[in-house]
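For reference, the structure is listed below as structure tokens.
The values are calculated or read from the model by the stated rules, or taken from the named source; none is laboratory data. Quick caveat: nothing in here was measured; it's all calculated off a predicted structure. Don't worry about glycine lacking a Cβ; one is built from the backbone with ideal geometry, like all the others, and counts go over all protein chains shown. Ligands, DNA and RNA are stripped out before the accessible areas are found, and what is left, the full protein with its side chains, is counted by its heavy atoms. Shrake-Rupley method; radii C 1.70, N 1.55, O 1.52, S 1.80 Å.
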Amino acid sequence: MTADDTALLRHATLAAMNWQAPTFTDAELDRPDFAHYFAGFDPSRDHGVVAVDGDGPVGVAWVRSLPADDPGYGFVSEDVPELTLAVEPRGRGRGIGNALLTRLLAAGRTAGWPGVSLSVEDGNTGARILYERVGFRTVGRNGDSDTMLVRFRPAPGGALVHQ
Ligand SMILES: CC(C)(COP(=O)(O)OP(=O)(O)OC[C@H]1O[C@@H](n2cnc3c(N)ncnc32)[C@H](O)[C@@H]1OP(=O)(O)O)[C@@H](O)C(=O)NCCC(=O)NCCS
């Protein structure tokens, strides 16, 4: 994912927010607490992966490192980037979400992030199962959502592994 992917990130942010039903409109994404998920994506600090099929991008997972004075809904600390994930309806149930998450977490371990956080709304059971499967655990509560965290820790040999 590059700095040119803002439109893709905006689309995916809306898909993640509207996981259940079309609750939010595209225009509402310009609210600062939503826009910071996609505006100004900077590959030197942020990281994202895109799945592509014959019709174009079909899924996206990315992290932003947001400051404490402009936190995301799944904020844990400034050194823990926050994840967003969305797969197009045409691609769901084929392992794409799992593949994107696995790839992104591997990149994070290699890069030495202390972990990754996220926010998952009550009722989004499919996403929650997927997150738990790759190692996320609930560490907090924000409104009607759980904050989940996967921590990486140095292994005895120096490699970073899931805690
Ligand atoms: C959640 C989402 C990213 C899952 O993507 P996906 O590509 O369909 O997920 P996968 O096919 O990789 O599924 C991996 C596992 O997650 C779980 N899972 C995913 N969707 C599920 C659902 N609807 N119900 C139950 N379990 C589900 C299953 O355990 C699944 O493994 P299995 O197929 O072996 O049973 C996708 O449904 C989506 O984009 N939803 C709308 C946006 C959203 O909710 N984003 C997350 C916001 S927190």
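Tell me, please, whether a residue that is touching a residue at least 60 places away in the same chain (Cβ under 8 Å), part of a loop (DSSP other than H, G, I, E, B), open to solvent by less than 10 Å² (accessible area, probe 1.4 Å) and closer than 25 Å to Ala7 by Cβ can be found in the stretch 73-82. Yes, the conditions are met somewhere in the stretch 73-82.
Within the stretch 105-119, the residues that satisfy the criterion of being buried (at least 20 other Cβ atoms within 10 Å of the Cβ) and within 16 Å of the ligand (Cβ to nearest atom) are Leu105, Val116, Ser117, Leu118, Ser119.
Would a scan of the stretch 42-50 turn up a residue that is free of Cβ contacts under 8 Å to residues at least 24 places away in the same chain and touching a strand residue (DSSP E or B) at 6+ places or on another chain (Cβ under 9 Å)? Quick ask: steps written out before the conclusion?
Taking the stretch 42-50 first, the residues free of Cβ contacts under 8 Å to residues at least 24 places away in the same chain are 44-45.
Still in the list and also touching a strand residue (DSSP E or B) at 6+ places or on another chain (Cβ under 9 Å): 45.
Taking every residue of the stretch 42-50 in turn, at least one turns out to be free of Cβ contacts under 8 Å to residues at least 24 places away in the same chain and touching a strand residue (DSSP E or B) at 6+ places or on another chain (Cβ under 9 Å).
Output yes when any residue across the stretch 103-112 is closer than 16 Å to Phe152 by Cα and part of a loop (DSSP other than H, G, I, E, B), and no when none is. So that I can check it myself, show each step before the final result.
Step one: of the stretch 103-112, the residues closer than 16 Å to Phe152 by Cα are 103-112.
Imposing the further condition that a residue be part of a loop (DSSP other than H, G, I, E, B) reduces the set to 112.
There is at least one residue in the stretch 103-112 that is closer than 16 Å to Phe152 by Cα and part of a loop (DSSP other than H, G, I, E, B).
Filtering Asp42, Asp4, Asp26 for residues that are at pLDDT below 95, open to solvent by 70 Å² or more (accessible area, probe 1.4 Å) and over 11 Å from Thr84 (Cβ atoms) leaves a single hit, Asp4. Determine, yes or no, whether Arg128 is open to solvent by 40 Å² or more (accessible area, probe 1.4 Å), charged (D, E, K, R) and either at pLDDT below 95 or more than 9 Å from the ligand (Cβ to nearest atom) (or both). Taking the combined requirement at face value, the residue does not satisfy it. So, Val58, is that one among the β-branched types (Val, Ile, Thr), farther than 22 Å from Thr2 by Cα and surrounded by fewer than 22 Cβ atoms within 10 Å (Cβ to Cβ) or not? No: the conditions fail for Val58.
For the stretch 86-104, enumerate the residues that are open to solvent by 30 Å² or more (accessible area, probe 1.4 Å) and touching a residue at least 12 places away in the same chain (Cβ under 8 Å). Before you say what the answer is, go through the steps one by one.
As a first pass, look at the stretch 86-104 and keep what is open to solvent by 30 Å² or more (accessible area, probe 1.4 Å): 88-90, 92-95, 98-99, 102-103.
Answer for the stretch 86-104, where residues must be open to solvent by 30 Å² or more (accessible area, probe 1.4 Å) and touching a residue at least 12 places away in the same chain (Cβ under 8 Å): Glu88, Arg90, Asn98, Ala99, Thr102, Arg103.
Please determine, by comparing only the residues of the stretch 84-104 that are of a type in the set (Lys, Arg) and more than 10 Å from Ala51 (Cβ to Cβ), which one is farthest from the ligand (Cβ to nearest atom). Give the derivation first.
Taking the stretch 84-104 first, the residues of a type in the set (Lys, Arg) are 90, 92, 94, 103.
So of that shortlist, the ones also more than 10 Å from Ala51 (Cβ to Cβ) come out as 90, 92.
On the way: Arg90: 10, Arg92: 3 Å.
Checked the stretch 84-104; the qualifying residue farthest from the ligand (Cβ to nearest atom) is Arg90.
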